[in-house]
1. Go ahead and run the numbers for FRET between VAL17 and PHE64, Cβ-Cβ distance against an R0 of 35 Å, rounding to 0.05.
2. What is the packing order of peptides 143-150, 32-39, taking the mean over residues of other C-beta atoms within 10 Å and listing the highest first?
3. May I ask for the distance between the Cα centers of segment 107-136 and segment 14-54, given as a whole number of Å?
4. State the extension gain, in nm to one decimal, for the chain segment bounded by THR121 and SER137, taking 0.36 nm per residue of separation less the distance between their alpha-carbons.
5. Enter the accessible area per residue of segment 1-129 (Å², integer; probe 1.4 Å; all protein chains in place).
6. Can you compute the modelled spin-label distance between LEU32 and LEU73, with each label point 7 Å from Cα toward Cβ, in nm?
7. Using Cα pairs closer than 8 Å and at least 6 residues apart in sequence, work out the relative contact order for segment 1-123, in percent.
8. Can you send over the carbon and sulfur percentage of the accessible area for segment 1-133, probe radius 1.4 Å, protein chains only?
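The values are calculated or read from the model by the stated rules, or taken from the named source; none is laboratory data. If you're wondering where the values come from, they're calculated on a predicted model, not measured in any experiment. All Cβ positions, glycine included, derive from the backbone under ideal geometry; neighbour counts span all protein chains shown. The protein model used for the area step is the full one, side chains on, heavy atoms only, and it has no ligands, DNA or RNA in it. Shrake-Rupley method; radii C 1.70, N 1.55, O 1.52, S 1.80 Å.
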Amino acid sequence: MASSDTTMTDTVIVRQVRTKYHWPAMQLNFWLLIMLVGSATILGVFSSFITVQQQLQVGIPWYFPYWITVSALAILFILGMLYLISQRQLLPGIVVMGSFILFVLWMVGLIVISIELWGPTGSVNGNCNLYVTSSQSSGPNTNALAWLEQHSICEYFPPPWLWRILFLRRGG
């Protein structure tokens with residue numbers, strides 16, 4: 001008598017359920033745009049400051065590379081958020097945690113830049129008023145070029161500070 005082997009296999013069906021989150025498009029896009037423009041502005045301004053400092057062969061304050069790093073992190077965070085939004089997998093926890101970390105980094109920078117900009121001794125604003133605003137130079141000479149460079153540095157310093165204030169009011 002011939003025997004036949006029969007085997008029974010159990011079939012297991014695994015269902016993977018992914019939760020998709022829908023974010024309010026207008027608010028999220030506005031927040032992302034403001035953060036992206038602000039981070040890019042701060043990145044450009046402080047990169048310019050470092051270039052000027054290197055050209056003048058003077059020391060670079062620690063907060064210049066700090067702000068370049070924070071701005072780059074913000075841009076990477078925004079790009080990561082955009083990728084997760086495109087996959088519809090941006091979790092609220094990611095936004096809250098990343099925004100909190102950026103908030104703390106922005107707050108530290110805001111305090112440092114505020115002290116440097118309007119501090120009690122040797123502030124940027126005081127030096128700009130004393131050396132640049134009160135003594136204009138013109139004509140085709142090196143003094144006029146030096147004054148223009150100093151004037152541009154004095155004009156560049158307040159916009160990053162303003163962007164930091166805007167970021168803090170936007171929640172991240």
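1. E between VAL17 and PHE64, to the nearest 0.05, is 0.15.
2. 32-39, 143-150
3. If you average the Cα positions of each part, the centres end up 28 Å apart.
4. Difference between extended and current length: 3.2 nm.
5. 68
6. The answer from the label model is 2.2 nm.
7. Normalised by residue count, the contact order of segment 1-123 is 26 percent.
8. 65
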